[in-house]
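Working notes for the structure below.
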Amino acid sequence: MNASSPSPAQNQATTTTLYGGVTNRRVTVRDLATAKQRGERWAMLTAYDALTAGVFDEAGIPVLLVGDSAGNCHLGYETTVPVTMDQMVMLSAAVVRGTKRAMIVADLPFGSYQESPAQAMHNAARLMKEAGVGAVKLEGGERSARSIELLVEAGVPVMAHIGLTPQSVHALGGYPVQGRGDEAAHQLLRDAKAVQQAGAFSVVLEAVPAELAAQVTEQLAIPTVGIGGGPDTDAQVLVWTDMAGMTAGRVPKFVKQYADLRAVLGGAARAYAEDVRTGAFPAAEHSFH
């Protein structure tokens, strides 16, 4: 390499589309497709409010998911099943308002799309028109292919979700790893190819063996997003309260905690309470005269 030739790092800096290359508009499905072609991996986090979403947007996270996981980590439900469309519209609109660059994907909650493709279209349109999201996500492979096809034909970008589908928690009897054994692995591959054929721009692979997720990623032209799918998917997603250490108790095996915000926030609350008890707060500088 001569002195005038750009280094590999310089080439990466000038060609990347998701981390630093998109600054004056929202990240789009075309950007994600380009990242797949280049072998560029990207991160997705959940977000449920404008303030947190703004922090992640400023940090450069290219895709934010307004997940129905809000039911577990913000609304106090045991599962995602009780989450309603009205709640998803409200949360999604807040995330859109709090961001400028990230693509915002919103979950279609349980009961909002399973009845028919027409029902899926009605509720996807609500998320796009009332909340302003850039895409929707729905669970299911072959069983959801017709709905995905209709949405895509109508101009709605769709992220699919296969493997462990949390909305089916009662049918699954919990949250077991999916795709183990030849028959289950073949079904997962069929599901992945079905959603790609239907027009999904990406697919989440949740709680599947790493080897199977790698095989799906290799066979699909669209990006795969892993959550408990091992290291070889095109992207990764985590629930932000798990990632940042806000979740109490045990977290799934696939979670890596990057902070202990629960301890930080608890410490701040205790310090505040102590200052109020002793009269140290408010002081003169916090008072009007």
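Where a number appears in this text, it was derived from the coordinates with a stated rule and is not lab data. The structure presented is a predicted model; accordingly, all values stated were derived computationally and were not measured. Cβ coordinates were reconstructed from backbone atoms using ideal geometry, including for glycine residues, and neighbour counts include every protein chain displayed.
Worth a mention:
- Estimated 222 nm signal from helices in the chain, with DSSP H stretches of n ≥ 4 weighted -39500 (n - 2.57), rounded to 500: -11500 deg cm²/dmol
- Positive end of the dipole of the range 82-145 (Cβ unit charges, origin at the Cα centre): among Tyr113, Ala125, Ala94, the Cα lying farthest that way belongs to Ala94.
- Remark: the chain carries a charge dipole of roughly 440 debye about the Cα centre, counting +1 on each Lys and Arg Cβ and -1 on each Asp and Glu Cβ.
- Between the helical axis of 29-38 and the longest alpha-carbon principal axis of the chain there is an angle of about 70 degrees.
- Rule-of-thumb Rg ratio for the chain [Cα; 2.2 N^0.38 Å; N residues]: 1.10
- The Cα atoms of the range 53-147 define a convex hull whose projected area, averaged across directions, is 6.0 nm².
- Spin-label model distance (nm) - Thr84 vs Val169, 7 Å beyond Cα toward Cβ: 1.9 nm
- Debye log10 I(q)/I(0) at q = 0.18, 0.22 Å⁻¹ for the range 167-250, Cα point scatterers: -0.81, -1.10
- Projecting the Cα positions of Ile162, Leu212, Tyr48 onto the charge dipole of the chain (unit charges on Cβ atoms of Lys, Arg, Asp and Glu, taken about the Cα centre) puts Tyr48 furthest along the positive direction.
- Cα Rg over Rh - the range 115-222, Kirkwood: 0.98
- Exposure proxy ranking, count of Cβ atoms within 10 Å, fewest first, for Val276, Val83, Val251: Val276, Val251, Val83
- Using a simple spin-label model with pseudo-atoms 7 Å out from Cα toward Cβ, Arg190 and Phe281 lie 5.9 nm apart.
- Links that overshoot a 19 Å alpha carbon limit, given the list Lys36/Lys193; Lys100/Lys256; Lys137/Lys193: Lys100/Lys256
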